[in-house]
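Report on the structure given below.
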Amino acid sequence: MKSFQLLLSTGLIITGSAILYSCGGGENKPTSTSQEKPVMDAPPPDNKTPETTPSLYAKGEEVYKQTCQACHQANGEGLPNAFPPLAKSDYLIADKTRAIKQILKGSSEEIVVNGQKFNGTMPPQSLTDEQVADVLNYALNSWGNSGGTVTIDEVKLQRGN
């Protein structure tokens, strides 16, 4: 009887954790205490996307799924007239410092992405410096974007401004 109760309670804990995780619940905690190096030392070889080089962007993809995907969608294409695309986004690629600031501090200004106006509000995200760098490196190198690298030091600099 005790082993059945243990099995049942373990199953409930796992199920509850899965539900909390899939809804974006829980805290985003840093995965390491200090890291001064860029999250990604070099662009992916042969301009490969995260689909072909997942280990370079795995942490960023996880942050994206938990934090960004609900609005910007799994394919990065956003929702027309509501949430701007990150896929092939001229706005994202044009200014990585602005992208860092928008994640850290949010934004409620009208923006134009690929010729389309968006007037929504992006709330500030509760992410660590490492998570911000990871998710931006993932977005900058996914869905046909031209690439780029964001370092943890760049995120720290913008957090202080």
For segment 82-108, pairs from a residue that is touching a residue at least 12 places away in the same chain (Cβ under 8 Å) to a residue that is assigned to a helix (DSSP H, G or I) and hydroxyl-bearing (Ser, Thr, Tyr), with Cβ under 7 Å and 6 or more apart or across chains, are Pro84/Tyr91
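Here's a check for you: in segment 101-117, which residue that is in contact with a helix residue (DSSP H, G or I) (Cβ under 9 Å, 6 or more places away or on another chain) and surrounded by 14 or more Cβ atoms within 10 Å (Cβ to Cβ) is nearest to Glu62 (Cα to Cα)?
Ile103
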Taking segment 72-82 and keeping residues of a type in the set (S, T, N, Q) and either open to solvent by less than 30 Å² (accessible area, probe 1.4 Å) or within 14 Å of Gln102 (Cβ to Cβ) (or both) leaves none
Counting only residues that are among the aromatic types (Phe, Trp, Tyr) and either on the phi > 0 side of the Ramachandran plot or not in a helix (DSSP H, G or I) (or both), segment 129-161 contains a total of 1
For segment 83-98 the number of residues that are open to solvent by less than 40 Å² (accessible area, probe 1.4 Å) and part of a loop (DSSP other than H, G, I, E, B) is 5
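The values are calculated or read from the model by the stated rules, or taken from the named source; none is laboratory data. Treat the numbers as computed from the prediction; the structure is a model and nothing was measured. Virtual Cβ from ideal backbone geometry, glycine too; neighbours counted across all protein chains shown. Protein only, heavy atoms only, side chains kept; ligands, DNA and RNA dropped before computing areas. Shrake-Rupley method; radii C 1.70, N 1.55, O 1.52, S 1.80 Å.
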